[in-house]
Amino acid sequence: MCVLVVVALLAGDYLLRQLDPRLYPLSMTGLRGFAKYLAGDYGAAARLYRVDLAERLSPQAPPWLTAFISGDLKTAERLVRQDVEKAPRNPEILITLAEIALAAGRLPEALELSNRALALRHDDYDALLIVAAAHARRGDAGGAIEALNRALRYNRVERRVTVFLATLELTGDLDDDPKTSPCLLATLHRYLRIYDSTQARPAERYARAAIATGDHVDQAYVTLGVIFEKTGRHRYALESFRGGIAANPRNVHALRGAARQHAKRGEIAEEYRLTRQAVEAAPRDAFVVNGYHGLLTGKLGDYPAALALDRATVAANPTDSEAWWRMGTVHTYLGDHAAALTAHRRAASLAPENPEYRDAAANTLVALERLDEAEAIYQESIKLQPARFTPHTGLGTIHSKRERWKDARREYETAFALGEGNVEMLVNLCQVYQALSENQRAFNCLSAVLTRDPDNVRAGVLLEHAGAALAMKK
C-alpha cells in the first residue's frame with residue numbers, strides 16, 4: 001500500500017512539475033497514449049493522442065481540421081485549397097497545406113510549401129518543424145537538424161498541436177530505426193524537453209553518442225551545451241559550446257551559445273567577440289544580426305557601429321524590412337528623427353502586415369510634433385488590431401500634448417488594461433490624474449510606480465506635488 005502511495009505521489013509530481021499539460025491524459029484514449037509515451041513508444045503515443053484530439057474536437061472547429069485529424073487528407077486538402085485561391089500569400093494556409101502534404105508522404109511538396117511560408121513569415125516555428133520532419137523522413141539528417149536548431153533558438157513553441165504530434169510521431173519512428181542519426185535524435189529529444197524535462201536525459205545520451213561516432217559533431221555539442229544550460233550546469237555548457245566551435249568555427253548556434261555563457265559571467269569582451277563571429281558566419285540571418293545589434297545598442301552603447309551594420313545590411317538587401325526598422329531605431333537614439341522617419345516608413349511599406357513598423361513611424365512623427373499624421377496612423381492600427389496597447393499609448397501621449405486630459409486618461413487606461421506595463425507610461429497616466437485634479441488616484445498611482453521603481457525621479461517629484469495637494473484639502 002505504501003509503495004502505491006509513493007508511486008502516486010511521484011506520478012503527481014511528474015504531471016505537475018515536469019510535464020506540459022498537452023501531454024496530460026484527458027480521456028481513456030489519451031490515457032492509453034500517455035502510457036505509450038511513458039513506455040518510450042512516442043510514435044504510438046502520437047497516434048493515440050491524435051485520436052483523442054479528434055474525439056474531443058469542438059463542433060465549431062474548421063471543417064478542414066476535422067477532416068485532417070480524422071485522417072481524411074483528401075477532403076482536408078480540397079477544403080484548404082478553396083481558401084488558398086482567395087489568399088495565395090497567406091502563410092497560415094501554406095503551412096496547413098504543408099502539414100497535409102507531410103502527412104500524405106509528399107515530402108518535396110511539404111518542403112516547397114513550408115519554404116514559401118518561411119519566405120513570407122521569417123523563421124515561423126511551425127513551418128520550421130515541418131521542414132525538419134520532411135528532411136528527416138527523406139533521410140537528410142543535416143537539413144532536419146539545422147531546421148530544428150533554427151526553431152529552437154526562439155523562446156517560443158509551435159502554435160499547432162498537430163505539428164507537435166507530427167514531431168512526436170517522427171521521434172518515435174526514428175527512435176525505432178537503428179540507422180537514424182544520433183545527433184538528429186538528440187535534437188528531437190531536446191525539442192521534447194520543452195514539454196517534459198525528463199527528455200534532457202535521452203537528448204544528452206544521443207548527443208554523446210553522436211560525438212563518439214562523429215555524427216554532426218558540432219551540432220551534437222550544441223545540443224549538449226543547451227541541455228547543460230537549461231539544467232544549470234553552466235561550466236559544462238560553455239565547454240560543450242566550445243567543443244562545437246572547435247569542430248566547426250562557423251557554427252552559429254555554438255558561437256551564440258558560448259557568447260551567452262560569457263555574458264552570464266559578465267565577460268563582455270568575449271561575448272562581443274563571439275557574437276561578432278556569429279554575424280560574420282551568417283550575415284544574412286536576421287536573428288543573428290538582431291542579437292549583435294542588441295549587444296551594440298543595449299550593452300555597449302555603440303550606436304555608430306549599429307548604424308553601420310544596418311546600412312551594410314540594407315545595402316546588401318534593400319527589401320530587408322527588419323534592417324530598415326533597426327536603422328530607424330538607431331537614428332532615434334541618435335536624435336535624428338527625420339532619418340528615423342524615413343527608415344521606419346520604408347520598413348512599414350516593405351512589411352505592411354507588421355503593425356510594429358507602422359507604430360514606430362507614428363512614434364517618430366510624435367517626436368517631430370506632427371501629431372495629426374501620427375494620430376491617423378495610431379487610429380488605423382487600432383482598427384486593424386484592436387487588442388494591441390501600443391497605439392493607445394501613442395494616442396495618450398498625443399492627447400496629453402494637446403492637454404485633452406480625459407481623452408489621454410481613457411487611452412492610457414486602455415493601454416494598461418491591454419497589458420502595457422511600461423513604467424514611463426504609468427508615470428504619464430499618474431500625471432494625467434494630477435492634471436484632472438484626481439489627486440488621490442495620482443498619489444496611489446505614483447506610490448505604485450515608486451514601489452516598482454524606487455529611483456524614478458519624475459515619479460518622486462510628482463508624488464510630492466500630489467501629497468501636497470491632498471494635504472491642502474484636509
Filter result for the condition that a residue is modelled with pLDDT of 95 or more, surrounded by fewer than 19 Cβ atoms within 10 Å (Cβ to Cβ) and among the aromatic types (Phe, Trp, Tyr), over Tyr236, Tyr272: Tyr236
Condition first: part of a helix (DSSP H, G or I) and within 24 Å of the chain's Cα centre (by Cα). Now tell me which residues in segment 372-390 satisfy that. Ser381, Ile382, Leu384, Thr390
Counting just the residues of segment 141-194 that are over 26 Å from Val51 (Cα atoms) and of a type in the set (Ser, Thr, Tyr), which one comes out surrounded by the most Cβ atoms within 10 Å (Cβ to Cβ)? Thr187
Of all residues in segment 212-233 being touching a Pro at 6+ places or on another chain (Cβ under 9 Å) and hydrophobic (A, V, I, L, M, F, W, C), the one that is surrounded by the fewest Cβ atoms within 10 Å (Cβ to Cβ): Ala212
Output yes when any residue across segment 28-44 is basic (Lys, Arg) and modelled with pLDDT under 90, and no when none is. no
Residue under evaluation Glu77, criteria (1) modelled with pLDDT under 95; (2) closer than 28 Å to Ala351 by Cα, criterion not met: (2)
Please enumerate the residues belonging to segment 443-474 that are closer than 19 Å to Tyr412 by Cα, aliphatic (A, V, I, L, M) and either within 36 Å of the chain's Cα centre (by Cα) or surrounded by fewer than 17 Cβ atoms within 10 Å (Cβ to Cβ) (or both). Leu446, Ala448, Val449, Leu450, Ala459
Just one of (1) in a helix (DSSP H, G or I); (2) among the charged types (D, E, K, R); (3) surrounded by fewer than 21 Cβ atoms within 10 Å (Cβ to Cβ) trips up Glu369, so point out which. (1)
Scanning for something assigned to a helix (DSSP H, G or I), touching a helix residue (DSSP H, G or I) at 6+ places or on another chain (Cβ under 6 Å), small (Gly, Ala, Ser) and closer than 23 Å to Gly243 by Cβ, does segment 271-290 turn up at least one residue? yes
Checking the condition closer than 28 Å to Arg193 by Cα, free of Cβ contacts under 8 Å to residues at least 60 places away in the same chain and either of a type in the set (S, T, N, Q) or touching a strand residue (DSSP E or B) at 6+ places or on another chain (Cβ under 7 Å) (or both), which residue from Ser70, Ser58 passes? Ser70
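The values are calculated or read from the model by the stated rules, or taken from the named source; none is laboratory data. What you are looking at is a predicted structure, and each value in this text was computed from that prediction instead of being measured. Cβ sites come from the backbone with ideal geometry, for glycine too, and all protein chains shown count toward neighbours.
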